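Nothing in this text is a laboratory measurement; each read-out follows from the coordinates by a stated rule. All values derive from a computational prediction rather than experimental measurement. Note: ideal-geometry Cβ built from the backbone for every residue, glycine included; neighbour counts use all protein chains shown.
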Amino acid sequence: MGTSTAIEWTDMTWSPWEGCQKVGPGCDHCYAESMNRWLHRGENWGPGAPRHAYGDSHWDKPRRWNEAAARTGQFRKVFPSICDPFDNAAPEGERQRFGRLIIDTPNLVWLLLTKRIGNAGPMLSAMFPGGAPANIWLGATIVNQTEADRDIPRLLDAPVSVRFLSMEPLLGHVSLYDWIGQRGGRPGLQAPPMIDGVFVGGESGRGARPMHPAWVRSLRDQCRDAKVAFHFKQWGEWAPGNSCAGNDLIERDRSKIASGFFDYNDIWMPSGPNAFRQTMDKIGKKAAGRCLDGRFHDDFPDTIAHAE
Ligand code: SF4
């Protein structure tokens, strides 16, 4: 955790405490938990495990980043990567302390991503009795349509000015038109457009599940139609091999790599290529990269203006 990060969508990572517990299918292969175990950081994970609280020197770092950002006039994005900011088991008083830090660092944009979006509204109100500051981007993790239907209304209810979806690991097709359609999608929708950005990525690490390219293309097109920022973070462990759409036609030496395919119902068949359906090759996150149909998608919400 520090001033640089390999996470594609943020400038820095910093967490107000350390530890969490799994709450949904997006947590199945939690990177932060794996790191915690690998680094022997102690028992901070799981039900009843006390989250680790940090000392003052840790809390001073964002204040220094804020001063540097003020000098250069460049806002910096900070992502708490090894906790959930709306975890019920946060150490006593630390969420309030985090709120004060956010207010004191107006040159940092805080990416508050949660899998507990139902907690966000009341906890934000408690953190910021005078209203949440503009340097918060609030995000909900959405991995499938069930979570979209359940959690996007909660995100829209939260008292913030910038909202985003983190659709990683994307585990199925998701329609967002009920929430972003009015920006240019289907006529007749009444929902106000209140989602500012959509970040999409596949799963990486051991046991990673493949992401069908059609799911990603659909979200790209929905965002384009609605004029919502679309950011494609990564394919994850699995990359497209062939494609019925004629894109990404790649032949690899499959004697050395695992491959499988999505059948006609988008059901994953975990062995062998299939010339007629969507083949996926397990080549690793780095090799799989983040190119979609020949280009990168690096859009962010146009919200720095909000933070000024
Ligand atoms: S909410 Fe996030 S940090 Fe917590 S277990 Fe799930 S994936 Fe890991």
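Sort Y54, Y264, Y177 so the one with the fewest other Cβ atoms within 10 Å of its own Cβ comes first.
Y264, Y177, Y54
So which lysines pass the test for K285, namely a Cα distance under 25 Å, with those fewer than 8 places away in the same chain ruled out?
K22, K77, K115, K233, K256
Taking neighbour Cβ counts within 10 Å as the exposure measure, how do H40, H52, H173, H231 sort from fewest upward?
Lowest to highest Cβ neighbour count: H40, H173, H52, H231.
Taking the beta-carbon count within 10 Å as an exposure proxy, list E147, E33, E251 from fewest neighbours to most.
With the sparsest Cβ surroundings first, the list reads E251, E33, E147.
Over the chain, what is the percentage of antiparallel beta bridges among all DSSP beta bridges, to the nearest 5?
DSSP beta bridges in the chain are roughly 40 percent antiparallel.
Residue farthest toward the positive end of the dipole of the chain, with Cβ of Lys/Arg at +1 and Asp/Glu at -1: which of S57, G131, F300?
So the residue furthest toward the plus end is S57.
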